[in-house]
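S.K.: Take a look at this one; I'll ask things after.
Each value in this text was obtained by applying a stated rule to the coordinates, not by laboratory testing. The structure displayed is predicted, hence computed values, not measured ones. With ideal geometry, Cβ positions are generated from the backbone for all residues, glycine too; neighbour counts draw on all protein chains shown.
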2 protein chains.
Amino acid sequence: MRAVVLAAGEGRRLRSVHPGPKPLFPLLGLPLIVRTFCTLREAGIADIVVVLGHRGDEVRAALGDGSRWGVRVTYAESPDWEKGNGASVLAAAPHVAGERSWLLLMADHLVTPELVRRVAACTPPEGGVAVGVDFTPARVPDLDEATKVQTDRVTARDAADGGAANQDTRPSVVAIGKDLSAFDGVDCGVFHATSGLLDALRACAEEGRHTLSDGVRRLAAQGRAVACDIGDARWCDVDDPAAVRHARRMLLEQLPTPRDGLISRHLNRKLSVPISAALARFAVTPNQLSFATFLLTALAAGLFAAGAFVAGGVVAQVASVLDGVDGEIARLKFLRSRFGELFDAILDRIGDGLLLAGLTYGTYAATGSEWALLFGALALIGSPLSMMIKDRYRAMTGDLYRPDVHDGWVRYLLANRDGRMFVLFLGGILEQGLATLAVLAFTSLTQAVVRLARLKKFL
Amino acid sequence: MRAVVLAAGEGRRLRSVHPGPKPLFPLLGLPLIVRTFCTLREAGIADIVVVLGHRGDEVRAALGDGSRWGVRVTYAESPDWEKGNGASVLAAAPHVAGERSWLLLMADHLVTPELVRRVAACTPPEGGVAVGVDFTPARVPDLDEATKVQTDRVTARDAADGGAANQDTRPSVVAIGKDLSAFDGVDCGVFHATSGLLDALRACAEEGRHTLSDGVRRLAAQGRAVACDIGDARWCDVDDPAAVRHARRMLLEQLPTPRDGLISRHLNRKLSVPISAALARFAVTPNQLSFATFLLTALAAGLFAAGAFVAGGVVAQVASVLDGVDGEIARLKFLRSRFGELFDAILDRIGDGLLLAGLTYGTYAATGSEWALLFGALALIGSPLSMMIKDRYRAMTGDLYRPDVHDGWVRYLLANRDGRMFVLFLGGILEQGLATLAVLAFTSLTQAVVRLARLKKFL
C-alpha cells in the first residue's frame with residue numbers, strides 16, 4: 001500500500017518557534033515529517049508520496065529519497081497549494097493512479113503506527129473514502145481549530161443490533177467541517193482513500209472549493225464516506241506552540257514499558273524521561289548511551305572496590321537511571337534494533353557483576369570478614385538468574401515474561417535490575433556492604449526459586 | 001486422524017528374552033507399544049485403536065485408557081488373530097467406520113514421529129492405501145524376514161520429468177511379499193488406509209488369504225496402492241533378539257543433539273549415553289536426575305573450596321558427563337517438558353557459579369593471591385553470558401542459536417558449559433587454580449565479545 005503525505009502548507013502559527021518549513025519542525029530530535037515516515041514504516045508502509053508546496057525545495061533537499069529512514073519517497077509538486085489542501089491532494093493523483101486504495105496523511109499530524117494500521121485495515125467503500133475518526137473529542141486539546149465530524153454512529157449501532165449481518169455497519173460520515181455545532185468525532189488527519197476522492201475534489205475545485213473537507217463532504221452526501229474508529233490510538237495536530245507541548249508530552253508518556261519494575265516505574269522513569277527528552281536533539285545513538293552507562297557502572301564498581309561506598313552507591317543509582325535512557329531514545333527516535341537490545345542486555349549483566357564484585361572486595365577489604373566473600377559469590381550467582389528465566393521463558397513460549405502476571409508476590413522482592421541497583425544505592429549510602437550483599441544474595445536466589453515453582457503452572 | 005495399532009500377534013521369536021506379551025516388551029524403559037503411543041502423540045495423533053489377540057487381557061490391563069501417555073486408547077478384540085494380521089485389521093473396522101482415512105501401525109515396529117508424519121501427509125488414492133516404504137533396503141538389518149515391495153518408482157520419475165504436472169507422480173506398488181526376488185523397497189509397517197483396504201481384506205479372507213500383504217496386493221493389482229517414501233526416517237521391526245539390539249542402537253544414536261559442544265560430542269556423550277541406557281529401566285525422572293547432578297556439582301564446589309582440587313576436578317567432570325543424562329532420559333522416554341528444560345538450565349547456572357566460587361575461595365585460601373579474587377569474579381561474570389546470548393537470540397528471532405553457524409572460530413574456545421567444565425577438570429587435576437580461573441575469565445568474556453560482534457550481521 002502507498003501513502004500520500006501532504007507537506008505543502010505554510011504553518012504560519014509555528015513560525016514563532018521554528019523559522020524553517022513546517023514539515024521539518026524538529027520534535028524531540030526528529031523532523032515532524034520524518035516521524036510520519038518512521039510511523040508508516042513501522043506500520044508496514046514504505047512507499048511514500050510527499051506533496052510539496054511552500055518552501056518545497058528545502059523540504060526535498062532535507063529528505064532525499066527517504067532511504068535514511070528505510071522508506072522510498074517520491075515527490076509531487078502542488079503549484080496550487082495556497083488554494084487549499086484539496087489542491088495538494090490532487091497534485092498526487094498521477095502517483096496513485098494504479099492503486100486500488102491508498103493512505104492520506106498530513107506531515108504535521110503526529111500519529112502512531114497503531115492508528116495507521118487501523119485506518120489501513122478499514123477498507124473504503126467503492127469509489128469512496130474512510131476517515132480516521134477520534135470518537136473522544138474531549139481529549140482533543142485545541143477543539144476549536146479541529147475538523148469535526150458528525151456520523152450516524154448511534155443509528156448504525158442500533159441497526160446492527162437487529163440488522164442484517166452482512167451489511168456495512170461502520171458509521172457513515174454525515175457532516176464534516178471546522179464549524180459544526182453538532183458532532184460526535186474529530187477527523188484525525190488520516191484517510192484511506194480511493195480515486196473517488198480525487199474525482200470529488202476535482203468536482204469541488206470546479207465549483208471553487210479547494211479543501212480536503214470539501215471533497216469528503218461531497219462523498220458523504222453520496223453515502224460514500226465511512227468513519228474508521230481509531231479507538232484509543234493517540235494523535236496530535238502540531239500547528240501551534242501549545243500543540244507542540246502537547247505532542248511532546250504524548251511522545252514522552254509512551255516511553256515507560258509494562259515490563260518496568262517498581263523502582264523503575266516510580267522513581268527511575270521520572271528522571272530518565274526528562275533526560276531523554278533533553279538528549280533527543282543530539283545525534284547520540286542508543287548503543288553509545290548503553291556503553292556510556294556501562295562505563296559509569298564500572299566506575300561505581302571501582303568506587304565500591306576502593307571502599308568509597310557512598311560515592312559508589314550514588315553513581316550506581318545514577319547509572320541505573322541512565323540505563324533507561326538508551327531504550328527511551330531508541331523508541332523516541334525509531335532507532336530500536338535487535339542488536340541494540342542484546343548489546344544493552346549483555347552490558348547490563350557485566351555491569352551488574354562488576355558492581356557486586358566491587359562491593360564484595362571493598363567490604364572484604366574493609367572488614368576482613370569471609371562472609372563478604374560468601375554473600376558476594378551468592379549474589380553474583382543469583383543476580384543474572386532474573387533475566388535468564390525471563391529470556392528462557394520468552395524463548396520457549398514466544399511470549400514476553402510479564403512480572404505482573406507471572407511473578408506474584410516476588411515482584412516486591414526488588415530482585416529485578418532496577419530493584420537490585422536501588423538496594424546497592426541504599427547499601428552504599430548507609431555504608432552497609434555486608435548486609436547489602438546478603439540481601440542481594442537472598443532476594444535474587446529466592447526470586448529464582450519462587451519463579452521456578454510458579455512457572456510450573458505456566459509452562 | 002485416528003490410528004489403528006495391531007497388537008494381536010504372538011511374537012514367538014522374542015520369547016527367549018521376554019516371557020510377557022510382545023507389545024509389552026520393554027525397550028529402554030518403555031514397552032514397545034507405549035513407544036508407538038508416544039510416537040503417535042508427538043506426531044499429533046492421540047486417538048488410538050489397539051487390536052488385541054494373543055494374551056489381550058494382559059495387554060489391556062497394562063495400558064488402560066492410555067491417559068498416562070497422553071493418548072486415548074480404545075480396544076478391538078480379534079478372535080481370528082491366529083489366521084493372520086489381515087484378520088486383526090478387520091477387527092478394527094467398526095472403530096474406523098466414520099473415518100475418511102486412518103493410519104495403521106504395528107505394535108512391534110519402532111518408528112519415529114517424523115516417519116509417522118510423512119505417511120500421514122501421504123493421502124491414499126480413493127478407496128486405496130498408501131504404504132510407508134523404505135527405499136534403502138540395504139539398511140534393513142534382517143532383510144530375509146522383511147516384507148519387500150516392488151514399485152514403478154523409476155518409471156514414475158521418468159514420467160514426472162516430462163509428464164503432466166497434475167498427475168499423481170507417487171510410485172505405485174506393483175508387488176508386495178516376503179519372497180519377492182525383485183524389489184526396490186521394504187514395507188516399514190506404517191500404512192495410510194481407507195475403507196478400501198478393509199474391502200480388499202474381506203475379499204481375500206473369502207478366498208482363504210488372511211495377511212495384510214494379501215489385501216495390499218489386491219489393491220495394488222487394481223492400481224490403488226501407492227508407495228510413500230519415508231526418506232531417511234528410521235524404523236525397526238523388533239521381532240528377535242538381534243532386532244532388539246538394533247532397535248536399542250537406533251534409539252541411542254538419536255540422543256546427541258546438534259547443539260552439543262566439542263567436549264560433549266567427543267567425550268561426554270560417549271559416556272552419558274551408556275549411562276542413560278542403563279538408567280532407562282528405572283522410574284527416575286529427568287528432573288530428579290537434574291537435581292542429583294546439581295548436588296554432585298555442589299559437592300565438587302565444596303571440594304574445591306576445601307582445597308581438594310584433584311577430587312573437585314574429577315567430581316566436576318563426572319557431574320558434567322551426568323549433566324547430559326537428564327536430557328537423554330527425557331528424549332528416550334518421551335518425558336521432555338518446558339519446565340524440565342528451564343529447571344535444568346537454572347540449576348546448571350547455579351552449579352557453574354558454585355564451582356567457580358569454590359575454586360576461587362580454595363585458590364585464594366591456598367595462595368593468598370588477590371588475583372584469585374579478581375579472576376574468580378570475572379569468571380563468575382563471564383560464565384553465564386554464553387547461555388544468555390543464546391537464549392536472547394532465540395527469544396528475539398524464534399530460531400535456535402547454532403554454535404556451528406553463528407560462532408565461527410570462538411566455538412573452539414571451550415567457553416560453552418561442556419568446555420568450561422572440562423577446563424575445571426584439567427585445572428583441578430593439575431592443581432592450577434589461579435590459571436584455571438584466568439583461562440575461564442578470559443575465554444568466557446572473549447566469547448561474549450566476539451559473539452556480540454558476530455551477531456551484528458545475524459540480527
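S.K.: In what sequence do A:ARG336, B:ARG15 fall when counting other Cβ within 10 Å, fewest first?
M.R.: Values: A:ARG336 14, B:ARG15 11.
Final ranking by Cβ density, sparse to dense: B:ARG15, A:ARG336.
S.K.: If r is the Cβ-Cβ distance from B:ALA61 to B:ALA138 and R0 is 41 Å, what FRET efficiency results, to the nearest 0.05? Write down the numbers at each step before the final one.
M.R.: Numbers: r = 41 Å, r/R0 = 1.00.
Efficiency, from the Cβ-Cβ distance: 0.50.
S.K.: Could you go through the range B:45-59 in sequence order and give the Karplus-derived ³J(HN,Hα) for each residue, using 6.51 cos²θ - 1.76 cosθ + 1.60 with θ = phi - 60°, rounded to whole Hz, and x for Gly and Pro?
M.R.: My calculation for the range B:45-59 gives 10, 10, 9, 10, 9, 9, 8, 9, x, 4, 6, x, 4, 5, 5 Hz in order.
S.K.: Against the longest principal axis of chain A, how steep is helix A:32-42, in degrees 0 to 90 to the nearest 10, with axes from Cα atoms?
M.R.: Between helix and principal axis, roughly 80 degrees.
S.K.: So between B:ALA121 and B:GLU82, what do we pick up on full extension, going 0.36 nm a residue minus the alpha carbon distance?
M.R.: On the way: separation 39, 0.36 × 39 = 14.04 nm, distance 3.20 nm.
Using 0.36 nm per residue and subtracting the Cα-Cα distance, I get 10.8 nm.
S.K.: Quick one: if you stick a label point 7 Å off each Cα along the C-beta vector at B:ALA278 and A:ILE275, how many nm between them?
M.R.: Reported label-point gap for B:ALA278 and A:ILE275 is 5.8 nm.
S.K.: Something else: Farthest toward the dipole's positive end in chain A, which of A:ALA242, A:GLY86, A:HIS266, given Cβ charges of +1 (Lys, Arg) and -1 (Asp, Glu) about the Cα centre?
M.R.: Highest projection toward the positive end goes to A:HIS266.
S.K.: Which of B:SER276, A:SER272 comes first, and how do the rest follow, when ranked by fewest Cβ neighbours within 10 Å?
M.R.: Working: B:SER276 27, A:SER272 24.
Starting with the residue having the fewest Cβ neighbours, the order is A:SER272, B:SER276.
S.K.: Using only C-alpha atoms and all pairs of different ones, pull out the Kirkwood radius for the range B:283-367 in Å with one decimal.
M.R.: Numbers: mean 1/r = 0.0762 Å⁻¹.
After inverting the pairwise mean of 1/r, the radius is 13.1 Å.
S.K.: While we're on this one: Counting other Cβ atoms within 10 Å of each Cβ, which chymotrypsin sites (Phe, Trp or Tyr not before Pro) in the range B:210-298 have at most 13 and sit in a DSSP loop? List each step's numbers first, then the result.
M.R.: Values: sites: B:TRP235, B:PHE282, B:PHE291, B:PHE294; in loops: B:PHE282.
Here the sparse-neighbourhood loop sites are B:PHE282.
S.K.: Just name one of A:CYS122, A:ALA300, B:VAL116: the one whose Cα is farthest towards the positive end of the charge dipole of the protein assembly as shown (beta-carbon charges, Lys/Arg +1, Asp/Glu -1).
M.R.: Farthest along the dipole direction, towards plus: A:ALA300.
S.K.: Got a sec to turn the phi values of the range A:73-84 into Karplus ³J(HN,Hα) couplings, 6.51 cos²θ - 1.76 cosθ + 1.60 with θ = phi - 60°, whole Hz, x for Gly and Pro?
M.R.: Using θ = phi - 60°, the values come out as 9, 10, 10, 10, 9, 10, x, 9, 4, 5, 5, x Hz.
S.K.: Now a separate question. How high is the relative contact order of the range A:255-455, given as a whole-number percent (alpha carbon pairs under 8 Å, six or more residues apart)? Working shown, then result.
M.R.: Details: 276 pairs, mean separation 57.8, N = 201.
It comes to 29 percent, rounded to a whole number.
S.K.: May I pose another question? Given Cβ point charges of +1 (Lys, Arg) and -1 (Asp, Glu) and nothing else, what value in debye, to the nearest 20, does the dipole of chain B about its Cα centre take? Please list the in-between numbers first.
M.R.: Working: 51 positive and 49 negative charges, 202 e Å.
Taking the Cα centre of chain B as origin, the dipole is about 980 debye.
S.K.: Right, next: Helix B:195-206: angle to the longest alpha-carbon principal axis of chain B, degrees 0 to 90, nearest 10?
M.R.: Around 50 degrees separate the two axes.
S.K.: Using Cα pairs under 8 angstrom and six or more residues apart, how large is the relative contact order of the range B:334-390, in percent? Write out the running numbers ahead of the final one.
M.R.: Details: 20 pairs, mean separation 17.6, N = 57.
The value is 31 percent.
S.K.: Taking the highest mean first, how do the peptides B:304-311, A:350-357, B:192-199 order by number of other beta carbon atoms within 10 angstrom per residue?
M.R.: Values: B:304-311: 19.0, A:350-357: 25.6, B:192-199: 21.6.
Highest to lowest by the protection proxy: A:350-357, B:192-199, B:304-311.
S.K.: To continue, here is another question. Which whole number gives the average, over all residues in A:381-394, of C-beta atoms from other chains lying within 10 Å of the residue C-beta? Each step should come with its number before you reach the end.
M.R.: On the way: counts 11, 3, 4, 9, 6, 0, 4, 9, 5, 3, 10, 12, 4, 6.
Going residue by residue through A:381-394 and averaging, the value is 6.
S.K.: Separate question: Where Rh denotes the Kirkwood radius from the mean inverse Cα pair distance, what is Rg over Rh for chain A?
M.R.: Working: Rg = 27.2 Å, Rh = 24.9 Å.
Value, to two decimals: 1.09.
S.K.: In degrees between 0 and 90, to the nearest 10, how far off the longest principal axis of chain A does helix A:417-429 point, with axes built from Cα atoms?
M.R.: Between helix and principal axis, roughly 50 degrees.
S.K.: With a cut-off of 8 Å between alpha carbons and a minimum separation of six or more residues, what is the relative contact order of chain A in percent? Let's see the in-between values first.
M.R.: Details: 817 pairs, mean separation 63.0, N = 459.
It comes to 14 percent, rounded to a whole number.
S.K.: Another question, then. Distances from B:ARG100 to the same position in the other copies: list them in nm, one decimal, shortest first, using label points 7 Å from Cα along Cα→Cβ.
M.R.: Ordered by distance, the counterparts are at 2.9 nm.
S.K.: What's the magnitude of the charge dipole for the range B:2-250 around its Cα centre, counting Lys and Arg as +1 and Asp and Glu as -1 at the beta-carbon? Answer in Debye, nearest 20. Walk me through the numbers before you get to the answer.
M.R.: Working: 30 positive and 33 negative charges, 122 e Å.
The dipole of the range B:2-250 has a size of about 580 debye.
S.K.: Continuing with this model, one more query. To the nearest whole number, what is the average tally of beta carbon atoms from other chains within 10 Å of the beta carbons of peptide A:343-353? Provide the component values of the computation, followed by the final result.
M.R.: Numbers: counts 4, 0, 6, 9, 1, 0, 7, 7, 1, 1, 8.
Shielding by partners across A:343-353 averages 4.
S.K.: For the residues B:ASP239, B:ASP179, what sequence is obtained by ranking on other C-beta atoms within 10 Å, fewest first? The partial results should precede the final answer.
M.R.: Details: B:ASP239 20, B:ASP179 8.
Placing the least packed residue first, the sequence is B:ASP179, B:ASP239.
S.K.: May I ask you to compute the full-extension gain from A:ALA306 to A:LEU459, defined as 0.36 nm times their residue separation minus their alpha-carbon distance, rounded to one decimal in nm?
M.R.: Numbers: separation 153, 0.36 × 153 = 55.08 nm, distance 4.47 nm.
Length difference between fully extended and current span is 50.6 nm.
S.K.: Taking the DSSP beta bridges in chain B as the whole, what percent of them are antiparallel, to the nearest 5?
M.R.: Details: 21 of 42 bridges.
Roughly 50 percent of the beta bridges in chain B run antiparallel, per DSSP.
S.K.: For A:ARG336 and B:LEU430, what does the FRET efficiency come to when R0 = 41 Å and r is the distance between their Cβ atoms, rounded to the nearest 0.05?
M.R.: Working: r = 48 Å, r/R0 = 1.16.
Using R0 = 41 Å, I get an efficiency of 0.30.
S.K.: While we're here: Can you list, shortest first in nanometers, how far B:LEU295 lies from the same residue in the other copies, with each label 7 Å from Cα toward Cβ?
M.R.: Here the equivalent label points are 5.1 nm apart from this one.
S.K.: Roughly what % of DSSP beta bridges within the protein assembly as shown run antiparallel, to the nearest 5?
M.R.: Details: 42 of 84 bridges.
Antiparallel bridges make up about 50 percent of those DSSP assigns within the protein assembly as shown.
S.K.: Considering only the label points, 7 Å along Cα→Cβ from Cα, what distances in nm to one decimal separate B:VAL449 from the same position in each other copy, shortest first?
M.R.: Spacings between copies for this position, smallest first, are 3.7 nm.
S.K.: Follow-up question, since we're still on this one. What whole-number distance in Å separates the alpha-carbon centres of the range A:87-117 and the range A:404-443?
M.R.: The range A:87-117 and the range A:404-443 have Cα centres separated by 51 Å.
S.K.: Here is a follow-up. Using θ = phi - 60° and the Karplus curve 6.51 cos²θ - 1.76 cosθ + 1.60, what whole-Hz ³J(HN,Hα) does each residue of the range B:267-283 get, with Gly and Pro shown as x?
M.R.: Here the 3J(HN,Hα) series is 10, 4, 5, 4, 9, 6, 5, x, 5, 4, 4, 6, 7, 4, 6, 8, 8 Hz.
S.K.: Shifting gears a bit: Each label point is 7 Å from the Cα along the Cα-to-Cβ direction; what then is the distance between the points at B:VAL314 and B:TRP371, in nm?
M.R.: In this crude spin-label approximation the distance works out to 2.8 nm.
S.K.: Report the full-extension gain for the segment A:GLN288 to A:LEU180: residue separation times 0.36 nm, less the Cα-Cα distance, to one decimal in nm. Intermediate results must be reported in sequence, preceding the final value.
M.R.: Working: separation 108, 0.36 × 108 = 38.88 nm, distance 5.07 nm.
Gain in length upon complete extension: 33.8 nm.
S.K.: Once all Cα-Cα distances of the range B:256-455 are split into 10 Å bins that start at 0, what whole-number percent is in each one?
M.R.: Taking every Cα pair in the range B:256-455, the percentages come to 9, 36, 36, 17, 2, 0.
S.K.: If you check each cysteine of the protein assembly as shown for another cysteine whose beta-carbon is under 4.7 Å away, which ones come up empty?
M.R.: Those would be A:CYS38, A:CYS188, A:CYS204, A:CYS236, B:CYS38, B:CYS188, B:CYS204, B:CYS236, since no other cysteine Cβ in the protein assembly as shown comes under 4.7 Å of theirs.
S.K.: Another question about this same structure. Pick out, from B:ALA62, B:GLY196, B:LEU103, the residue whose Cα sits farthest towards the positive end of the charge dipole of the range B:2-250, with +1 on the Cβ of Lys and Arg and -1 on the Cβ of Asp and Glu.
M.R.: After comparing all options, I get B:ALA62.
S.K.: Pull out a ≥ b ≥ c, the square roots of the eigenvalues of the alpha-carbon gyration tensor of the protein assembly as shown, then state rounded if a/c is under 1.5, prolate if not and a/b is larger than b/c, and oblate in the remaining case. Don't jump to the answer; show the numbers that get you there.
M.R.: Numbers: a/c = 2.65, a/b = 1.23, b/c = 2.15.
Cα axes put the protein assembly as shown in the oblate bin.
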